[in-house]
1. Return the Rg/Rh value of the range 364-513, two decimal places, where both radii are evaluated on C-alpha atoms and Rh is the Kirkwood radius.
2. For SER144, list long-range residues whose amide hydrogen, built 1.01 Å from N in the peptide plane, is under 5 Å from its own amide hydrogen.
3. With a 1.4 Å probe and all protein chains kept in place, how do GLU165, GLU409 rank by accessible area, largest first?
4. Pull out the extension gain between LYS116 and ASN406, defined as 0.36 nm times the separation in residues minus the alpha carbon to alpha carbon distance; nm, one decimal.
5. Ordering TYR354, TYR407 by how much accessible area each has at a 1.4 Å probe, largest first, what is the list?
6. Probe of 1.4 angstrom, ligands and nucleic acids ignored: what's the accessible area per residue over the range 362-513, in square angstrom?
7. Rounded to the nearest 20 debye, what is the charge dipole size of the range 85-193 about its Cα centre when +1 sits on each Lys and Arg Cβ and -1 on each Asp and Glu Cβ?
8. What list of whole percents do you get for P(r) of the range 45-203, with Cα-Cα distances grouped in 5 Å bins up to the one holding the largest distance?
Amino acid sequence: MKEILEQKEKSSQTLEEMADKHDVNVPFDDFERGQPRSAIAGYLLAMRAGDLTLASNYLDYRNISEKTLAVGKEELARQFYVVLNRKLWVDLTSISDHRRGNINDGLPTYRESIGKVSVKEKQYDILMQRVPRQEDRVKIWKVSNATVEKIPFLFAAFSYTPLGEWLARNLPSIDFFGVMLWQWLYFTLMLLCTYIASYASAWLLVRLLKRIYPKISSAPLAFIKGPAAFLFAVIIARNLVDSSNVTLAVKAVMEGSTILIFAWCWVCFRLIDLLKVVLADKFVAQDKPLAVYLLRPAGTVAKLFIVIVASLIWLENLGFNASTLLAGLGIGGLALALAAQKTVENMIGAITLYTSAPVKIGNFCRFGQSYGVVEEIGLRSTRIRTLDRTVIYVANAKFIDMDIENYSERERIAFRPKLLLTPQCRRENINNFLDELKTHLQQHEKIASEPLRTHFKAYTTLGLELDILAYVNTTDFDEYLDEINELNLTILSLLEQHHCQLQVVNERNLNLT
């Protein structure tokens, strides 16, 4: 495709240069046939304009058989154009612009080769020939009569299908990227027919799946009837294309695989969407709702990667050097990665927070030496509301490396009062106090049955240390405060009842310790 565009541009420049430059040695001719290049260029321009009468002036009809002449001069000019389109791309820059042609090509001085055409492993030269003009015998260039004699034979080998012939004759001679208008319509119609057949097959498959799996979701069914059916249609159309209607320009355009690449991109995009739905359900089932928010940017990144790869493949198919683009992208990507290193680290930290979910929005936690409620987990930082109602923003890369204690994940809350008794407390009083306290805790409906401890733990310089541990069956901190308020009052009452005096610890005692 790139070569076609470059050669077309070179040919246009060559024609412009020829129009601006006047060589006194080239004989004047109304049809610009004074040199081989201008002669074949004039013929091609006439055919692209659909002017068969004008194009017939560039063929030499002398000394050819009656059978060939019976085809008709204009028809021979048209058939020759079909052969060139099918088998030979004419590069005007490679054809001599001298009035006598290229005298060093090994051919007679009155002949010029513009290429070769192969039929059943046999090659035939396509020749220009310097012939006398009928009016004044001035030497001009035309397509050789030897080549004209072979046109019916070559056309029989490379003609279009009957439908192609009818379209070529009845539609305007307009081309886009070297492909004729009728060819665009023909292959579009062929793709449409294959898509209808593919969609019908997909529809039947969907009906069958609904019968077998009544609870199947609509997403995979839409995928089958949409991108999957279109991809299948494109593949079938490319494999079943009738080569009789394919010209060199069509082959070049097909080598780009534009529609095929588009179909694959559509399929990949929809597969990513389906994967996002599956992962979203999985994360919700695993109680990781925050990870669902990560799916959208992750899907966007994946789609962007697919677009970049597809674009590089498409450019490579067109003939451009994608490795040069990759080298540029690699250098630019390295510079960007170095500049955005911290940002990338924070984004990776966000991914870790979303997927592992050590904390969730609304959780009360300790991070490092601070406490607060998580309000937002962004792509760069985590926002936390502290107990003082201030807001702290912690970079995600730093946050995931902290010691995080999530209080909201507790299934119950510990009750562990610190009790020190005076050394004067009697043994039986302490024992009775502990037994009655344990009985009270065991009978309390909000206290877990285990673990449950009420023990005389140790002698200390500050007093007699008691070990009391119980768990309140609640995660509501306000409810927990109400319960321990009642428990603390009960403990105070039991201490008084059993004559157990609490040791008062002041700052002086602590300093002595």
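The values are calculated or read from the model by the stated rules, or taken from the named source; none is laboratory data. Here the structure is a predicted model, which is why all the values come from computation and not from measurement. Neighbour counts are summed over all protein chains in view; Cβ atoms, including those assigned to glycine, are modelled from backbone coordinates with ideal geometry. Only protein heavy atoms, including side chains, enter the accessible area calculation; ligands, DNA and RNA are left aside. Shrake-Rupley method; radii C 1.70, N 1.55, O 1.52, S 1.80 Å.
1. Numbers: Rg = 20.0 Å, Rh = 18.2 Å.
Checking Rg against Rh, the ratio lands at 1.10.
2. Close amide H contacts, sequence-distant or interchain: LEU127, MET128, GLN129.
3. These residues rank, largest area first, as GLU409, GLU165.
4. Values: separation 290, 0.36 × 290 = 104.40 nm, distance 8.05 nm.
Full extension from LYS116 to ASN406 adds 96.3 nm.
5. Largest to smallest exposure gives the sequence TYR407, TYR354.
6. 63 Å²
7. Working: 15 positive and 11 negative charges, 67 e Å.
Charge dipole of the range 85-193: 320 debye, to the nearest 20.
8. 1, 8, 15, 18, 18, 15, 9, 6, 4, 3, 2, 1, 1, 0, 0
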